[in-house]
């Protein structure tokens, strides 16, 4: 049974007689134990959806079962079963009080879940160890570093050992080291406790590195979902760039005849650029074809589309642009993957 | 009961945070004394009978009468200022995501308010006791039961006003908007309630206008108690108005806190 199942979740806001459809229809299915990313540009409806799923906002339409409880009929039960870590930037901060001690925050949070005092102390101790907060329990929250504070906020969301935790922009505003450190902790949640993690993010590399599955939301509607790899494959396949010693034309004709190869073009510097469905599987046969024809290779590069390319294809704009007008016009066809922007493969 | 448990959890947290701030503790204790020291001496110089209350022609003029008039007024003023300004703190809590964090837990959403109101009320009672004790030092003479009746009024006023203050602050969510709102409410209330000078000195039209301030009735009732009169219509009016203020304000405040999107 899925741990989150949302159908047609929608929310409209009315102010000064103008109706804004912040979320028009979000469908989500998340299985227990998954780490799922929720991607979308600012204003796409990410936070509104998250606020609905965490009972902070009532949906105006649609249904959802969250952690086994009906979101609309039994929000209190949902609250008992989920953890929530608010975003630490923007309109509201991450939810810790700068004048509290770390241990007080953990114990207060446990009291909010009506956990008995002795259990709460034991639980706090475990969390302090798990999230690398050792030695900080008697420190004021305001004296913590950004990464430490964020880990405390995550610990607060886990005090009652929820099967499902929502992280709103967990690493936004952190330095690169703290980010990758936090990724380890998020992976650890699933590995050690089997916790299902639902996170929103701006960062494509975060979704790529961390998430089993990604939902893309745009304009209040989920426009795509799948593993990062599946989504990238949907775009236009991979790009293989070859540099051959001379005989570029011959190589192009030869490769164009291969059924697995899409477009082949010769770039300005004399290299070959081809689109293939699955680059990793195609490479050996491509190499064999060239080898059989006696063409020697100078270099070879396989690059796969990034989630940004996926995003561009699905929504017509880049995730990096905050304002819709800054992005390119919607493109009907698949976008061309940029080899240089996909160095991680 | 879970609501009481939740209220106490919030209360303990807020009380701990308040006590952690030494400046706050000093201000809480010194504030009532300041009012007494800086304004009380002006009133003791007034001729007997000016301040209403015990208008028996042969009562001794001066100090005792002045403080029987002035201490109830100060108690209400303390209540007005002490509880109407509490909302500021919840704006920063909201901005810090603390309110949201609480609202995602199974804790009673009303307890987010009631725990704070409980803290504010307790603080106010402590301040009131300090004020009365210092007042006795200055020459206040009043029946003990009057002091307890006054504390009862203070509690009702504090519960009501603090609730409304939190609810208003959480609705406007901006200190810049909240501060002028408070000023525009508090100043007329203080002036029209006869806190500093008796409204009997006012011309007829002003006395009429003053009838709209609920605190007018409460102060009159407290002054009656300080004069040793407990069973009359002034007292009844005061009690009813105080209860009304508390109930209506609590109702309005709770609505903001329990509604789904605050």
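No value in this document is a laboratory result; all are computed from the given coordinates. This structure is a prediction, so every number in the text was calculated from the model and none was measured. Neighbour counts are summed over all protein chains in view; Cβ atoms, including those assigned to glycine, are modelled from backbone coordinates with ideal geometry.
Tabulated results
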{"quantity": "The range B:132-180-the range A:171-238 distance, computed between alpha-carbon centres (Å)", "calculated": "51 Å"}
{"quantity": "Per-residue Cβ neighbour rank within 10 angstrom, fewest leading, B:236, A:283, A:167, A:199", "calculated": "B:236, A:283, A:199, A:167"}
{"quantity": "Shielding score for B:104-113, defined as the mean number of other chain Cβ atoms within 10 Å", "calculated": "5"}
{"quantity": "Between helix B:2-19 and chain B: long-axis angle, C-alpha atoms, 0 to 90°, nearest 10", "calculated": "70 degrees"}
{"quantity": "Nearest 10 degrees, 0 to 90: helix A:102-112 Cα axis against chain A principal axis", "calculated": "70 degrees"}
{"quantity": "Exercise: per-residue mean of other protein chain Cβ atoms within 10 Å, A:46-58", "calculated": "2"}
{"quantity": "Average beta carbon contacts from partner chains per residue of B:90-99, 10 Å cutoff", "calculated": "5"}
{"quantity": "Three-way shape label, the range A:238-303, alpha-carbon gyration tensor, a/c 1.5", "calculated": "rounded"}
{"quantity": "Cα centroid separation, the range A:104-122 to the range B:233-254 (Å)", "calculated": "37 Å"}
{"quantity": "Highest average packing first - B:197-210, B:162-175, Cβ atoms within 10 Å", "calculated": "B:162-175, B:197-210"}
{"quantity": "FRET efficiency for residue B:184 and residue B:122, using Cβ-Cβ distance with R0 set to 25 Å, rounded to 0.05", "calculated": "0.30"}
{"quantity": "Most mobile listed residue (B:22, B:41, B:214) in chain B, GNM with C-alpha springs under 10 Å", "calculated": "B:22"}
{"quantity": "Shape call, the range B:2-258: gyration tensor on alpha carbons, a/c limit 1.5", "calculated": "prolate"}
{"quantity": "Chain B: most fluctuating residue of B:113, B:222, B:181 per GNM, C-alpha cutoff 10 Å", "calculated": "B:181"}
{"quantity": "Centre separation in Å (Cα based) which lies between the range B:59-115 and the range A:16-39", "calculated": "40 Å"}
{"quantity": "For peptides A:185-191, A:289-295, sequence by mean Cβ density within 10 Å, most packed first", "calculated": "A:185-191, A:289-295"}
{"quantity": "Principal-axis tilt of helix B:22-44 within chain B, Cα atoms, nearest 10 degrees", "calculated": "20 degrees"}
{"quantity": "Relative contact order %, chain A, counting alpha carbon pairs below 8 Å whose residues are six or more apart", "calculated": "17 percent"}
{"quantity": "Residue A:285-residue A:27 pseudo-label distance in nm [points 7 Å out on the Cα-to-Cβ vector]", "calculated": "3.3 nm"}
{"quantity": "Shape call, the protein assembly as shown: gyration tensor on alpha carbons, a/c limit 1.5", "calculated": "prolate"}
{"quantity": "Sequence-separation-based contact order of chain B, relative, with Cα cut under 8 Å and 6+ spacing, percent", "calculated": "26 percent"}
{"quantity": "Exposure proxy ranking, count of Cβ atoms within 10 Å, fewest first, for B:33, A:197, A:310", "calculated": "B:33, A:197, A:310"}
{"quantity": "Bridge type composition, the protein assembly as shown - antiparallel percent by DSSP, nearest 5", "calculated": "65 percent"}
{"quantity": "Length-normalised contact order for the range A:5-82 - Cα pairs under 8 Å, 6+ apart - percent", "calculated": "31 percent"}
{"quantity": "Ellipticity estimate at 222 nm from DSSP helix runs (n ≥ 4, -39,500 (n - 2.57)) divided over chain B, nearest 500", "calculated": "-26000 deg cm²/dmol"}
{"quantity": "Most mobile of B:93, B:220, B:176 in a GNM of chain B (Cα contacts under 10 Å)", "calculated": "B:176"}
{"quantity": "Stretch gain in nm, segment residue A:193-residue A:16, where the contour uses 0.36 nm per residue and the Cα spacing is subtracted", "calculated": "59.0 nm"}
